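Written below as structure tokens is the structure these notes are about.
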Amino acid sequence: MTKNIELAGSCQCGNAHYQIHSPSVVSVACHCNDCRKQSGSAFAVSLVVKSTDVTFSNNLKTWERMTDTGRRNRAWFCPDCGNRIYHQDPDAPTVVRIRAGTLDNEQIPEPMVHVFTARKVPWLTFPDHVTLFEGQPEVDQLYAALEEAAASSTKEES
């Protein structure tokens, strides 16, 4: 029997909350310019989860834009403090990308997949055990990498 991962998070002001109940959660780091700008850091870390495995409370606002790869990106954020909570491609609604920094505990899972590595800051190095993509992988490539990372993290927990 697979044990569900239970995680909770919220925005900075505490008005928006979420609960994750999932057999697998994969941490992904994105090094694209938009994620760096939005995170205010060298990269952004997201938890990739099936949309059916997470529940959100309170009314979140949305903002949508086209990415430089031609995909749509919709962001959900707290209308009070402006903290982004998650992202989703409206054309791929089965998966959400929750901003890992919004977790209520201080433990952000290590990113096992890195995307847009061609745009990484020069001082950053990657561990040997992670999957790297120079740009935005095709959806099937990304899902395969995420499934592999989820399977390996489940084995490590056993």
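Filter the stretch 103-141 down to residues that are closer than 19 Å to Gly40 by Cβ and in contact with a Leu (Cβ under 9 Å, 6 or more places away or on another chain), then give me how many there are.
Selection size over the stretch 103-141: 4.
Filter the stretch 71-130 for residues that are within 15 Å of the chain's Cα centre (by Cα) and among the polar types (S, T, N, Q) and give the result.
Correct list: Asn73, Asn83, Gln88, Thr94, Thr102, Gln107.
Tell me, please, whether a residue that is free of Cβ contacts under 8 Å to residues at least 24 places away in the same chain, within 29 Å of Val121 (Cβ to Cβ) and out of contact with any Lys or Arg (no Cβ under 8 Å at 6 or more places or on another chain) can be found in the stretch 41-50. Before you say what the answer is, go through the steps one by one.
As a first pass, look at the stretch 41-50 and keep what is free of Cβ contacts under 8 Å to residues at least 24 places away in the same chain: 41.
This time we only want the ones that are within 29 Å of Val121 (Cβ to Cβ), so: 41.
Now drop any that are not out of contact with any Lys or Arg (no Cβ under 8 Å at 6 or more places or on another chain), which leaves 41.
Looking for residues that are free of Cβ contacts under 8 Å to residues at least 24 places away in the same chain, within 29 Å of Val121 (Cβ to Cβ) and out of contact with any Lys or Arg (no Cβ under 8 Å at 6 or more places or on another chain), one finds at least one in the stretch 41-50, hence yes.
For the stretch 11-26, give me the residue count where each residue is within 30 Å of Arg119 (Cα to Cα) and either buried (at least 19 other Cβ atoms within 10 Å of the Cβ) or hydrophobic (A, V, I, L, M, F, W, C) (or both).
3
Just so you know, all these numbers are worked out from the coordinates, no wet-lab data involved. Predicted, not measured: the structure shown is a model, and the values here were computed from it. No Cβ is skipped: glycine too gets one built from the backbone with ideal geometry, and neighbour counts run over all protein chains shown.
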